[in-house]
Amino acid sequence: MTGLSPESDAALEPVRSALRAAAEQQAAALRGLASRQTETLLAAARTEAAAILAAATKEGEDAARSEALLRSARARRQAHELVLAQRSSLRLELHRLVREAAAGLTSDPRYPELVTRLTEQCRQLLGTGAGVSESPAGGVVAEAGPRRLDLSLPVLAELTLDSMPAARELWTH
């Protein structure tokens with residue numbers, strides 16, 4: 001998944017597991033919320049489309065059909081845009097929550113051990129002469145000449161979230 005050595009991959013597994021568990025819980029909650037909100041939006045759009053159709057029928061058969069189709073398409077488009085906007089908002093909220101959860105790992109008693117393992121990983125990938133510094137956001141960032149490796153907690157959290165099928169389901173359905 002990351003191009004890391006098996007030892008590094010294994011060393012990072014507790015972080016991934018914690019991030020994955022938190023993200024899956026948040027994704028399940030957000031998925032339920034998104035589903036309920038989507039149904040509400042679609043019901044409102046259907047109601048509006050039915051009202052548009054009834055009003056158009058009164059104005060005359062030919063003109064009504066044309067107008068109803070136009071309004072119905074507009075209502076469907078608006079409902080779809082609302083659904084997409086809501087999904088985008090939920091996606092951004094999930095990413096924010098995952099980054100916050102990752103930032104909270106710095107207060108975990110195992111955090112120094114994690115920094116040590118991440119530092120070792122940087123030196124394995126970039127060489128022993130790589131300059132490694134702790135990221136203000138948690139985790140580490142390393143540089144060796146023009147090469148840079150970012151193993152900060154926000155980056156690791158985003159990579160973990162992006163690799164989770166359950167999180168992707170929120171914006172693909």
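The values are calculated or read from the model by the stated rules, or taken from the named source; none is laboratory data. As the structure is a computational prediction, the values presented were derived from the model and not from experiment. Glycine gets a Cβ as well: all are built from the backbone with ideal geometry, and neighbour counts include every protein chain shown. The area values use the complete protein model at the heavy-atom level, side chains included, leaving out ligands, DNA and RNA. Shrake-Rupley method; radii C 1.70, N 1.55, O 1.52, S 1.80 Å.
Here ARG31 sits with roughly 80 square angstrom of accessible surface, probe radius 1.4 Å.
The shape of segment 106-169 comes out oblate: with a ≥ b ≥ c from the C-alpha gyration tensor, a/c is at least 1.5 while a/b does not beat b/c. Computed on the chain, with alpha-carbon pairs under 8 angstrom and 6+ residues apart, the relative contact order is 27 percent. On a C-alpha basis, how far is the centre of segment 1-50 from the centre of segment 76-109 in Å? Whole number, if you could? The distance from the Cα centre of segment 1-50 to that of segment 76-109 comes to 9 Å.
Projecting the Cα positions of ALA73, ALA21, ALA10 onto the charge dipole of segment 1-90 (unit charges on Cβ atoms of Lys, Arg, Asp and Glu, taken about the Cα centre) puts ALA73 furthest along the positive direction. The phi torsions of segment 135-142, fed into the Karplus equation with coefficients 6.51, -1.76 and 1.60 and a -60° offset, translate into couplings of 6, x, 8, x, x, 9, 10, 10 Hz, rounded to whole numbers, with Gly and Pro shown as x.
Would you mind computing Rg(Cα) / (2.2 N^0.38 Å) for segment 52-135, counting N as its residues?
Cα Rg divided by the expected 2.2 N^0.38 Å: 2.36.
Sum up the charges of everything whose Cβ sits under 10 Å from the Cβ of ALA56, counting Lys and Arg as +1 and Asp and Glu as -1, but leave ALA56 out. So the surrounding residues net to 0. What part of the accessible area of segment 90-173, given as a whole %, is carbon or sulfur when the probe is 1.4 angstrom? Roughly 56 percent of what the probe reaches on segment 90-173 is carbon or sulfur.
With only Cα atoms counted, segment 1-51 has Rg and Dmax values of 19.9, 63 Å. Relative to the longest principal axis of the Cα atoms of the chain, helix 6-59 runs at roughly 10 degrees. Charged side chains reduced to their Cβ positions (Lys and Arg at +1, Asp and Glu at -1) give segment 84-145 a dipole of some 280 debye around its Cα centre. Counting only Cα atoms, the size of the chain along its three principal axes is 81, 34, 27 Å, in decreasing order. Taking the 1.4 Å solvent-accessible surface of segment 26-88 as the whole, the part contributed by carbon and sulfur is 59%. Compared with the alpha-carbon gap, the fully stretched path from SER107 to THR57 is longer by 11.5 nm at 0.36 nm per residue. Neighbours of GLU81, meaning other residues whose beta-carbon lies under 13 angstrom from its beta-carbon, give a summed charge of +4 when Lys and Arg score +1 and Asp and Glu score -1. Anyone know which of GLU113, GLU61, GLU13 comes out most mobile in the 10 Å Cα GNM of the chain? Among GLU113, GLU61, GLU13, the largest GNM mean-square fluctuation belongs to GLU61. Per-residue accessible area (protein heavy atoms, 1.4 Å probe) orders THR38, THR106 as THR106, THR38, starting from the largest. Among residues other than ALA44 with Cβ under 15 Å from its Cβ, the summed charge is +3 (Lys and Arg +1, Asp and Glu -1). Contact order for segment 87-155, expressed relative to its length and based on alpha carbon pairs under 8 Å spaced 6+ residues apart, stands at 26 percent. The calculated 222 nm mean residue ellipticity attributable to helices in the chain amounts to -27000 deg cm²/dmol, summing -39500 (n - 2.57) over DSSP H runs of n ≥ 4 and dividing by all residues.
In the context of the full set of protein chains, residues of segment 72-173 present 56 Å² of accessible surface per residue (probe radius 1.4 Å, heavy atoms only).
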